[in-house]
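Student: My questions will all concern the structure given below.
The values are calculated or read from the model by the stated rules, or taken from the named source; none is laboratory data. This is a predicted model, so every value here is computed, not measured. Here Cβ is always computed from backbone atoms with ideal geometry, including for glycine, and neighbour counts include all displayed protein chains. Just the protein is used for accessible areas: all its heavy atoms, side chains included, with ligands, DNA and RNA removed. Shrake-Rupley method; radii C 1.70, N 1.55, O 1.52, S 1.80 Å.
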Amino acid sequence: MVIAINESKIPPGQSVIDHFIIYSALGIPKVNIRQWKLKIGGLVKKKLILGYSDLVRLIDTEYIADFHCVISWSVRNVKWRGISISRIAQMAEIKPEVKWLFVKCLDGYTTIIPIEDVLNPQSMVVLEIDNLPLKPEMGFPARLFVPHLYGWKSAKWLSELIFTKKYRSGYWEERDYHKRGNVWLEERFKD
Ligand SMILES: Nc1nc2c(c(=O)[nH]1)N[C@H]1C(S)=C(S)[C@@H](COP(=O)(O)O)O[C@H]1N2
Ligand SMILES: [Mo]
């Protein structure tokens, strides 16, 4: 399904550039794709462990949207393809008390996203950008994308999705970045 959600507007305080600036605060991890698994746990009735081919079979979402880094650069019209996180949440049967998704990555990076934003149908585990599997530096095998949140929530090299009740800061949230990070509301830093 392709949903064209691109808006002509750019969020406040952002400027458009023509390519992603690669960030890897903790280095680019080496991934053995045959051994790699995405674990889904926390407050769920069914814990899941999904390999790359399992995820490929679950692909259900594809759309074009812009990417916004909190440092103020934006890249327009990126094609994202992957699995909606709401589908994964349904498969895992998340419990009603879940309020946050805490995300762990192979490089040790972490972030956290409010469950309302995670269950938005556009929030996805991305496997492809612009019709190609993710490049190693762009997060292969899988990264997150939530179009209305700043790029630091778009965790690369995913290893674990943990549904929780309690807030806990991830890598940038510990360094004073916002709990949610909505680009339209300019939620860059904690108040
Ligand atoms: N694992 C991991 N994911 C990460 C980061 C990181 O350092 N490690 N940086 C984040 C930040 S701050 C941004 S803006 C985007 C940048 O995505 P890109 O490197 O594909 O341009 O990745 C995010 N995801
Ligand atoms: Mo960023």
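Student: Looking at Glu186, is it over 13 Å from the mean Cα position of the chain (by Cα), open to solvent by 70 Å² or more (accessible area, probe 1.4 Å) and on the phi > 0 side of the Ramachandran plot?
Tutor: Yes, satisfied.
Student: Got a sec? Which strands (runs of 3 or more DSSP E) wholly within segment 31-70 have at least 1 residues that are modelled with pLDDT of 95 or more, touching a strand residue (DSSP E or B) at 6+ places or on another chain (Cβ under 9 Å) and among the acidic types (Asp, Glu)?
Tutor: Filter on segment 31-70 gives 61-68.
Student: If you don't mind, there's one more thing I want to ask. In segment 113-124, is there at least one residue being within 14 Å of ligand 1 (Cβ to nearest atom), open to solvent by 40 Å² or more (accessible area, probe 1.4 Å) and more than 11 Å from the chain's Cα centre (by Cα)?
Tutor: Within segment 113-124, none of the residues are within 14 Å of ligand 1 (Cβ to nearest atom), open to solvent by 40 Å² or more (accessible area, probe 1.4 Å) and more than 11 Å from the chain's Cα centre (by Cα).
Student: So if I check each of Ile49, Ile33, Ile64, Ile17, which one is within 14 Å of ligand 1 (Cβ to nearest atom) and either open to solvent by 20 Å² or more (accessible area, probe 1.4 Å) or among the small types (Gly, Ala, Ser) (or both)?
Tutor: Answer to the selection: Ile17.
Student: Restricting the search to segment 130-160, which residues are open to solvent by less than 40 Å² (accessible area, probe 1.4 Å), aliphatic (A, V, I, L, M) and more than 10 Å from the chain's Cα centre (by Cα)?
Tutor: Residues satisfying the conditions are Leu134, Met138.
Student: OK, next. Conditions: (1) open to solvent by 10 Å² or more (accessible area, probe 1.4 Å); (2) over 13 Å from the mean Cα position of the chain (by Cα). Ser74 meets all but one. Number of the miss?
Tutor: Failing condition for Ser74: (1).
Student: Just give me the residues in segment 52-61 being open to solvent by 10 Å² or more (accessible area, probe 1.4 Å) and either touching a residue at least 12 places away in the same chain (Cβ under 8 Å) or within 16 Å of ligand 2 (Cβ to nearest atom) (or both), in sequence order.
Tutor: Tyr52, Val56, Leu58, Ile59, Asp60, listed by residue number.
Student: What number of residues within segment 99-112 satisfy the criterion of being open to solvent by 10 Å² or more (accessible area, probe 1.4 Å), more than 16 Å from ligand 2 (Cβ to nearest atom) and of a type outside the set (Phe, Trp, Tyr)?
Tutor: Residues meeting the conditions: 4.
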